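For reference, the structure discussed in these notes is given below.
The values are calculated or read from the model by the stated rules, or taken from the named source; none is laboratory data. Since the model is a prediction, treat every value here as computed from it, not as a measurement. Cβ coordinates were reconstructed from backbone atoms using ideal geometry, including for glycine residues, and neighbour counts include every protein chain displayed.
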Amino acid sequence: MAHAARLHESHQMDKMNNKQTHSFQAEVAQLLHLVTHSLYSNKEIFLRELISNASDACDKLRFEALNDPSLYGDQPDLQVRVSFDKQARTITIADTGIGMSEQEAIDHLGTIAKSGTRDFMSKLSGDQKADSQLIGQFGVGFYSGFIVADKITVESRRAGLPANEGVRWVSGGSGDFEVEQIERAERGTSITLHLRDDAQEFLNAWKLKQLINKYSDHISLPILMEKEEWKEGENDQPGEMVATGEWEVVNQASALWTRPKKDITDEQYIEFYKAITHDNEAPLSWSHNRVEGNTEYTQLLYIPSHAPMDLWNRDKKAGVKLYVKRVFIMDDAEALMPTYLRFVKGVIDSADLPLNVSRELLQESRDVRLIRDGNTRRVLSMLEDLAKHDKHDAMATEGDVVDVVSEDDKAKEGKYTKFYTEFGAVLKEGLGEDFSNGERIAKLLRFASTTSDAVVVSLADYKARMKEGQEAIYYITADTLAAAKNSPQLEVFKKKGIEVLLMTDRVDEWALNYLTEFDGTPMQSVAKGAVDLGKLQDEEEKKAAQEAAETFKPTLAKLKEALKNEVEDVRVTTRLVDSPACIVVQDGGISSQLARMLKQAGQPIPQSKPVLEVNPEHPLVKKLEGSVHFNDLAHILFDQALLAEGGLPEDPAAYVRRVNALLV
Ligand code: ADP
């Protein structure tokens, strides 16, 4: 091997004697405790995490050196060396990457900078079992070393700094760490793990190679280990494997996405995903393509199987890494994916972008726009494919009879439902964000409905079940499924057996503004405007309603007068069967659900009074006529309508007083 420098043997004596002790940030201490107490059943991931950090450090150097080649100094090779020492019971992972200055070591290995990690920490319940499940879905990076080590020594020097500005960082993983300046000849970082008693199994070349093969084969850097050979024992001692001082590359050392699809196993795709995302769960689906056209690039995109902690942060960067001609450029290249697909992870490797491309430049590049459009279409097709093979859809979609179910198809069953539970609400943002794909997004939507509590009804399913003469897709938005289901506005629909979609996601109300029709059929909220069942209502019903409205006119006028501060209008309705009254939003107004949300968020609510609709057939309403308590009854009617849809009377005490007065 040409690169003979033994990176991890740089224990220069500490002449400066400038040790400082620092405390870990509270969150780090908490994370460390959790790591050591809950990940011991999956110890081996430490190697993946540390090699992945080493690889990132090399990527960063390569990138910085684009502008300043002198950073390479006299070591042009980027590589990782993994070695172990049986006597000392240590494993060392050494890289020739960017390295860390003393301050960087203090900052990066003692605090948590990433917002994702902080969000994660805030979700912890303190319940050991629940927390360890959470952490299983979460990358712990450098700190995973403490799963197998009771002490970690990091030695590092940042590229470009002189040899006497190296740093040694030592910690036992609880409470604090020590930092001192050291002399270090080589650039880069070496991490030495002092293994716990129960982790001695890793002091074995075969075992380490096997793990590198499993977790890090796709890393584009060479990973080297020392060659061993068998040495016969002397004087009746047993023989053993000993190091030869010669290093060999033990991984494929070509970036996974650059290899032909047919040479990559599912297992390898999954391991690559885990390595770039630090997610321990396999993805739901992936797609790997070389795209040639107006711009040339390789695309490897994954759909995770669960939402990250910070999914709701719309500012969160997308999870797609950008490479240009195999050189790593940046993480989280948001310009490569629309915001509503921010959950997608993966790699884009462009053949056409300049190496010195910046985030600002990305926003304006025509190539990037083409790549983003290509990525969007690809993700939507992946979702369509999952949806097509989901069981519910296979049963419900007409003309899509699957007669031959392959193993592959089987494996996809249930995946779309899982995807939708995790990411459906984010996908809906696409209705307002990506008009060009609005139709495809609409087809991917799923809802609960009056015939299905499970969120599996597609708009196409709904249309296929529409009643003869039904002219709209009916829906209702509410805070919870129970509130939606029991809403008085649904009564007449239930009576007539008309399905209504029940929408309970916070984004529904907003998203539905952008979805006014599906496949030629208008979307109609059952809580907005006058209910017009059109052809679903027969002549007799229409006549009866008109007559009721006529005889009820004087009472209606009195109601309007009594409630003039509360409502815009009072009218007779046919939408109620069992309830006396309900609140209806005027066409174009915002629903009471959205109004409540805005109010909670402290946002101004556009002033528009609702309409009160009353059911003239209801005994309580009939009682109004000639009652001496007319005013109280009118207010009770209105307040109860508010309560029924999950709202609160403006003056709850007054409501109670009125009801009590009547009860007595
Ligand atoms: P992450 O890698 O996800 O950011 P880690 O906890 O694994 O989180 O690492 C924290 C930080 O420490 C990294 O972001 C990086 O700045 C620094 N670091 C870790 N390992 C190395 C290394 N081998 N070389 C240089 N810097 C490193």
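Within the range 623-651, the set of residues being without any contact (Cβ under 8 Å) to a residue 12 or more places away in the chain, closer than 21 Å to ALA557 by Cβ and not in a helix (DSSP H, G or I) comprises GLY626, SER627, VAL628. Screening the range 74-109 for residues that are part of a loop (DSSP other than H, G, I, E, B) and more than 16 Å from the ligand (Cβ to nearest atom) and picking the one that is farthest from ILE147 (Cα to Cα) gives ASP74. Remark: pairs (first residue in the range 420-444, within 22 Å of PRO283 (Cβ to Cβ); second residue surrounded by fewer than 18 Cβ atoms within 10 Å (Cβ to Cβ) and small (Gly, Ala, Ser); Cβ separation under 7 Å; 6+ apart in sequence or on different chains) = GLU422/ALA307; PHE423/ALA307. The number of residues in the range 70-107 being without any contact (Cβ under 8 Å) to a residue 24 or more places away in the chain and within 31 Å of the chain's Cα centre (by Cα) comes to 1. Check whether at least one residue in the range 111-127 is at pLDDT 70 or above, within 13 Å of the ligand (Cβ to nearest atom) and closer than 21 Å to SER23 by Cα, and report yes or no. Within the range 111-127, one or more residues are at pLDDT 70 or above, within 13 Å of the ligand (Cβ to nearest atom) and closer than 21 Å to SER23 by Cα. If we scan the range 132-141, do we find a residue that is more than 9 Å from the ligand (Cβ to nearest atom) and at pLDDT 90 or above? No. Entry remark, the range 62-73: residues being part of a helix (DSSP H, G or I) and touching a strand residue (DSSP E or B) at 6+ places or on another chain (Cβ under 8 Å) number 2 in total.
Residues in the range 31-53 that are more than 14 Å from the ligand (Cβ to nearest atom) and either at pLDDT 80 or above or among the polar types (S, T, N, Q) (or both): 7 in all.
Across the range 188-219, what is the total count of residues that are in a loop (DSSP other than H, G, I, E, B), under 33 Å from the mean Cα position of the chain (by Cα) and either modelled with pLDDT of 95 or more or crowded, with 21+ Cβ neighbours inside 10 Å (or both)?
To start, the set of residues in the range 188-219 that are in a loop (DSSP other than H, G, I, E, B) comprises 196, 203-204, 217-219.
Next, from what is left, pick out any that are under 33 Å from the mean Cα position of the chain (by Cα): 217-219.
Next, only the ones that are either modelled with pLDDT of 95 or more or crowded, with 21+ Cβ neighbours inside 10 Å (or both) stay: 218-219.
Counting residues in the range 188-219 that are in a loop (DSSP other than H, G, I, E, B), under 33 Å from the mean Cα position of the chain (by Cα) and either modelled with pLDDT of 95 or more or crowded, with 21+ Cβ neighbours inside 10 Å (or both) gives 2.
Residues in the range 367-391 that are at pLDDT below 90 and surrounded by fewer than 19 Cβ atoms within 10 Å (Cβ to Cβ): LYS391 only. Would you please name the residue that is nearest to the ligand (Cβ to nearest atom), looking only at residues in the range 142-167 that are assigned to a strand (DSSP E or B) and buried (at least 24 other Cβ atoms within 10 Å of the Cβ)? The selected residue is SER156.
In the range 234-311, counting only strands (runs of 3 or more DSSP E) that sit wholly within it, the ones holding 1 or more residues that are buried (at least 18 other Cβ atoms within 10 Å of the Cβ), under 28 Å from the mean Cα position of the chain (by Cα) and touching a residue at least 12 places away in the same chain (Cβ under 8 Å) span 285-291, 297-303. Which condition does ALA654 not pass, out of (1) part of a strand (DSSP E or B); (2) in contact with a His (Cβ under 8 Å, 6 or more places away or on another chain), if it passes all the others? Checking ALA654 against (1) part of a strand (DSSP E or B); (2) in contact with a His (Cβ under 8 Å, 6 or more places away or on another chain), the one that fails is (1).
Can you name the residue in the range 392-431 that is part of a loop (DSSP other than H, G, I, E, B) and at pLDDT below 50 and is also farthest from ALA464 (Cα to Cα) among such residues? Going through the qualifying residues, I end up with ASP403.
In this structure, ALA454 does not qualify as part of a helix (DSSP H, G or I) and more than 25 Å from LEU598 (Cβ to Cβ). Which members of the range 490-517 meet the condition of being in contact with a strand residue (DSSP E or B) (Cβ under 9 Å, 6 or more places away or on another chain), within 21 Å of ALA454 (Cα to Cα) and not hydrophobic (A, V, I, L, M, F, W, C)? Across the range 490-517, the qualifying residues are GLU491, GLU499, THR504, ASP505, ASP508, GLU509.
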